[in-house]
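What follows is a single structure, written as structure tokens, with notes after it.
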Protein chains: 4
Amino acid sequence: MSENVGFIGLGAMGAPMAQNLIAAGFALKVHNRTAQKADPLVARGAQLAQHPQDAVTPGGIAVTMLADDRALEAVAMGERSIARRLAHGGVHISMSTISPHTARAVAEDHQRHGCAYVAAPVFGRPEAAAARKLWIVASGSQAAKDRVRPILDAMGQGVFDLGERPEAAHVAKLAGNFLIASAIEAMGEAFALVEKSGVERTAFAELMARTIFACPLYQAYAPKIALHQYTPAGFRLPLGLKDVQLAIQTAGEARVPMPIAGVLRDRFLAALAKGRDEMDWSAIALGASEDAGLK
Amino acid sequence: MSENVGFIGLGAMGAPMAQNLIAAGFALKVHNRTAQKADPLVARGAQLAQHPQDAVTPGGIAVTMLADDRALEAVAMGERSIARRLAHGGVHISMSTISPHTARAVAEDHQRHGCAYVAAPVFGRPEAAAARKLWIVASGSQAAKDRVRPILDAMGQGVFDLGERPEAAHVAKLAGNFLIASAIEAMGEAFALVEKSGVERTAFAELMARTIFACPLYQAYAPKIALHQYTPAGFRLPLGLKDVQLAIQTAGEARVPMPIAGVLRDRFLAALAKGRDEMDWSAIALGASEDAGLK
Amino acid sequence: MSENVGFIGLGAMGAPMAQNLIAAGFALKVHNRTAQKADPLVARGAQLAQHPQDAVTPGGIAVTMLADDRALEAVAMGERSIARRLAHGGVHISMSTISPHTARAVAEDHQRHGCAYVAAPVFGRPEAAAARKLWIVASGSQAAKDRVRPILDAMGQGVFDLGERPEAAHVAKLAGNFLIASAIEAMGEAFALVEKSGVERTAFAELMARTIFACPLYQAYAPKIALHQYTPAGFRLPLGLKDVQLAIQTAGEARVPMPIAGVLRDRFLAALAKGRDEMDWSAIALGASEDAGLK
Amino acid sequence: MSENVGFIGLGAMGAPMAQNLIAAGFALKVHNRTAQKADPLVARGAQLAQHPQDAVTPGGIAVTMLADDRALEAVAMGERSIARRLAHGGVHISMSTISPHTARAVAEDHQRHGCAYVAAPVFGRPEAAAARKLWIVASGSQAAKDRVRPILDAMGQGVFDLGERPEAAHVAKLAGNFLIASAIEAMGEAFALVEKSGVERTAFAELMARTIFACPLYQAYAPKIALHQYTPAGFRLPLGLKDVQLAIQTAGEARVPMPIAGVLRDRFLAALAKGRDEMDWSAIALGASEDAGLK
């Protein structure tokens, strides 16, 4: 527990993750763009850093949990980057959902400064983060992964290793979110079908979630979609579009046609065109109901 | 256990289901178009009926597990139908995957002969049928459902009641199969994406099936799709197309647009255009790999 | 002009087509389910037949222009069919938009009665029918096509020969209507894009119709779609769905995936789910605008 | 004809366009990244400029016809931009197919230097450019458009004015290319349908191009798609993908779902995954044939 850990990005996910690190005994320096979000962590002993670089110690460990590629690039590359402070022997645990393309660029830049890039995006919503129930997907150099393993363990219920390529875990995260969004859309269509054919949406949703689809994902989403409960948002709709766009962009670079991804993109755009920015991303399921004349 | 049960349709699903009825102590008369499929059942005490009608007793119970709407209509309606033999007080447990439209027509015809129609399609493959692990979805008049409950219990691990409308359970079956096929297609696309982005298909498949999608459906299909193992078929591709077409037809009558259903239909047609009739329906996932230049 | 011609089906298309036959000097017997639609033709010398069969003479010529497959089957096959009256030496000019499947069945039935089937569906709206501007696509035995050529010439501005197979012209008609519907949908999407990007829909529509798409189809539809003018209907939305469904069904039998056809089907269903039965089929373009939050 | 015109970008389109300006009597300075492409123009009197900026005169006119947004930004913005040389009173005629987003950025930058931005993308292939048959869509300040009108007239057969917004003409260009690609895909699907249903692709293509789709676009593409003739390329497949991606990106920013655009994107990706980079963009039509098992 002697590691110096800098934690940057204290949003809905980052804050409870940092709490778990404190609970596990790590000494944290924390940074967030709007500083007051750090208050609860400071109250529990974390030190507040005014600048991302200040949260980091040479040869130490940085954790980032940020909104998007741009936010990560701003922190991880350039004149006042965490990489320059981490420098030789440092490790950056990159937990944001970002493009593989950006991950590679950041990892190469890190290499020039002598520090390591460990990709470690997570599956799970804020409640899961708070309950230390996240699933963590990791990739990067074996030595760096070994070193940061206790830190990852302190934040999740399991770590999956996808090898040494810096972008691998990010690819898996985007593909996983695509699978989730696909399941949401499929439920939206199926529930509209049963409803308009005279079967209760909720009864059908329960049937599925208790039998062939008896897994956390369907159990979490099926009842809410059946009842069209999309607020409060666990994961806001514009963020869902961002992730689907990242998957589509990655698929475009790799030349992988993904017809369901196109369907998803259009659903997200239609939902935003109707002003559903504050709803949960599962609100794309409203589209199927509306197209069927149900709402 | 004093019920007289006629079981009609001894295919890959029907045969093990009938075996379970015998194991539970029911006296069965069985019929199948090609009679020798009845041999193992006859060996265990079932009586062979030359004609569907002969398997049925006035006021008794008929179970049908047939290939499609046409096959059911041939058995359930017309001059020599089971309905005419069942007559007043009889119950027909209709377990095939058929259109809600046909279910209504058969149920109405039954009513004229005084017998009841209980829809009871199942989720599960032949192994699940043999292991008495089917999930059964039922709808129909309450009295009839109550009477046949011991029979359903003898074939599955759970029965879900969707009310009194004769077509309701069939709607749920089609919507459920649509959800499964959607999950298969989504895996096909996601696995092609990760593979072409440098991540092992099998590692990603395992990650998903052990975490957010830890349910029977993904656990059964993800490893096979990751390895492109599509033979021997648990459920043949042309049958998958049949079910997707039934869902689309039902959606068309109800005016429910289902964009993923359109994607699925095209995948099935492309697979059949390439001669994949003997493969499992999950072989539609080959389409995403081929479109990505991977196969 | 000595041919005895029976004309069956005096709807929005059939009535002006029959008028042109009279104008060309043909002696017509006419039939329509609701007889008063025949009045204007009777006023110009046509004889009214109470039953389809009565409109037809042994060895003569029958023209049918009916709503769908079912309507044609009722007239063309069975106990009191026109085929039995036409009998040896008769020719049936089948101009309705029907499935190739039905065309084959009717043609085979005709053969048993000794009469010939000439498929001759048309492209053009009621105005074009009145102005003798229809395009006619024909297929069937060469001798029969040669014999009826003057009749076809009297109804259109050009006849295209697609060989001897009875269903060939019907395939072309369905494929052509698919192309038209695809163009309508593409315009709907493109116009929504330009509108929401600050360009006048009407200006863009005019630009396209005067340059790269300077053809009757775009010139007829582009201005109306740009202004969202969908009434009065030249071709009602439910008929458009019928034709797209026939194309999809034909594609399904031939194992031809058609992703745009799936998009079209969903647009038609959504439009009907919103009660647009009385609008022109080009009203599917409303869908793109609504999805973009424009209507 | 006293205008000083600098022409930058002498590719398959730019070279013949510049030739037409010389033919019309304009004195040209020309620049191209690979200088030898300028040889034929120099032979006819054009002056060769080593750097884009050198092709331009203060207060004069610059024409750019470049590969993409990046190429235009490199020439039009920054330290050694044409805008700095054009300066007050200069006009930049921007004829490349670029994103509306980039057009706005360039136009705003120009304004700071006192020069005007006239968007003027074109419809037409290299042959049309050589034959002065391009259709030109223009937008920008009225005064600037009036001044450059003779230059535009010397390159095309017609100019369409879409108002004063700098991005308007670029939006129209992307929407127009989307319409063309949609027509190509629709033909690909329709031709596969007729072929597999026993009708000659070429006969159906001719029928369409001579009747309801009797316009340059279909007449140019239908015969080639019918015969699967995709080389030599008039417009290479990767450029087609670029334009469809720009349309999708613009639609994304404007929140406009475009389902056909998603279908197109997948077709382009599949074609490139199969190595069809050197084919014409109409080769996306191969996809429909392959999916149908025809190739």
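The values are calculated or read from the model by the stated rules, or taken from the named source; none is laboratory data. Being a predicted model, the structure only gives us computed values, none of them experimental. Cβ: placed from backbone, ideal geometry, glycine included. Neighbour counts: every protein chain shown. Side chains included, ligands, DNA and RNA excluded: accessible areas come from the protein's heavy atoms. Shrake-Rupley method; radii C 1.70, N 1.55, O 1.52, S 1.80 Å.
Assorted remarks:
- A:Phe123 under 12 Å from B:Leu207 (Cβ atoms) and either more than 8 Å from chain B (Cβ to nearest Cβ) or surrounded by fewer than 22 Cβ atoms within 10 Å (Cβ to Cβ) (or both): no
- Search result, residues across the stretch B:279-293 that are more than 9 Å from every other protein chain (Cβ to nearest Cβ) and outside any helix (DSSP H, G or I): B:Met279, B:Asp280
- Lone unmet requirement of (1) touching a Phe, Trp or Tyr at 6+ places or on another chain (Cβ under 8 Å); (2) open to solvent by less than 50 Å² (accessible area, probe 1.4 Å) for A:Cys115: (1)
- Matching option when the condition is of a type outside the set (Val, Ile, Thr) and over 24 Å from D:Thr102 (Cα atoms), among D:Ala55, D:Ala15, D:Ala27: D:Ala27
- Unmet requirement for C:Ala131, which otherwise passes all of (1) surrounded by fewer than 21 Cβ atoms within 10 Å (Cβ to Cβ); (2) over 14 Å from C:Asn20 (Cα atoms); (3) more than 14 Å from chain D (Cβ to nearest Cβ): (2)
- Scanning the stretch D:264-278 for residues that are of a type in the set (Gly, Ala, Ser) and within 7 Å of chain A (Cβ to nearest Cβ) turns up D:Ala270, D:Ala273.
- Residue tally, condition in contact with a strand residue (DSSP E or B) (Cβ under 7 Å, 6 or more places away or on another chain) and closer than 20 Å to C:Ala214 by Cα, over the stretch D:179-238: 3
- Candidates in the stretch B:263-295 are the residues that are more than 27 Å from A:Glu253 (Cα to Cα) and acidic (Asp, Glu); of these, the one that is most open to solvent (accessible area, probe 1.4 Å) is B:Glu278.
- Pairs, first within 7 Å of chain A (Cβ to nearest Cβ) in the stretch D:247-263, second modelled with pLDDT of 95 or more and not in a helix (DSSP H, G or I), C-beta under 7 Å, six or more apart: D:Arg255/C:Ala292; D:Arg255/C:Gly293; D:Val256/C:Ala292; D:Pro257/C:Ala292
- Scanning the stretch D:60-84 for residues that are surrounded by fewer than 22 Cβ atoms within 10 Å (Cβ to Cβ) and touching a residue at least 24 places away in the same chain (Cβ under 8 Å) returns D:Gly60, D:Ala67, D:Asp68, D:Asp69, D:Ala71, D:Glu73, D:Met77, D:Arg80, D:Arg84.
- Options B:Pro16, B:Pro58: the member that is at pLDDT 95 or above and assigned to a loop (DSSP other than H, G, I, E, B): B:Pro58
- Contact annotation: residue pairs with Cβ atoms under 6 Å, 6 or more positions apart or on different chains, pairing a residue in the stretch A:85-103 that is modelled with pLDDT of 95 or more with a partner that is among the acidic types (Asp, Glu), are A:Thr97/A:Asp243; A:Ile98/A:Asp69; A:Ser99/A:Asp69; A:Pro100/A:Glu167; A:Thr102/A:Asp69; A:Ala103/A:Glu167.
- Residues of the stretch A:84-100 include at least one that is in a helix (DSSP H, G or I) and within 14 Å of chain B (Cβ to nearest Cβ).
- Residue in the stretch B:134-143 that is open to solvent by 40 Å² or more (accessible area, probe 1.4 Å), of a type in the set (Gly, Ala, Ser) and modelled with pLDDT of 95 or more present: yes
- In the stretch B:2-60, the residues that are more than 22 Å from B:Arg125 (Cα to Cα) and touching a Phe, Trp or Tyr at 6+ places or on another chain (Cβ under 6 Å): B:Val5, B:Leu28
- Evaluation of B:Gly158 against (1) without any contact (Cβ under 8 Å) to a residue 24 or more places away in the chain; (2) more than 27 Å from B:Tyr221 (Cβ to Cβ); (3) not β-branched (Val, Ile, Thr) (one fails), failing number: (2)
- Pairs with Cβ under 6 Å, 6+ apart, first in the stretch A:17-40 and without any contact (Cβ under 8 Å) to a residue 60 or more places away in the chain, second of a type in the set (D, E, K, R): A:Ile22/A:Arg44
- Output for the stretch D:34-53, where each listed residue is crowded, with 16+ Cβ neighbours inside 10 Å and of a type in the set (S, T, N, Q): D:Gln53
- Residues (surrounded by fewer than 24 Cβ atoms within 10 Å (Cβ to Cβ) and either hydroxyl-bearing (Ser, Thr, Tyr) or assigned to a helix (DSSP H, G or I) (or both)) located in the stretch D:249-262: D:Gln249, D:Gly252, D:Glu253, D:Ala254
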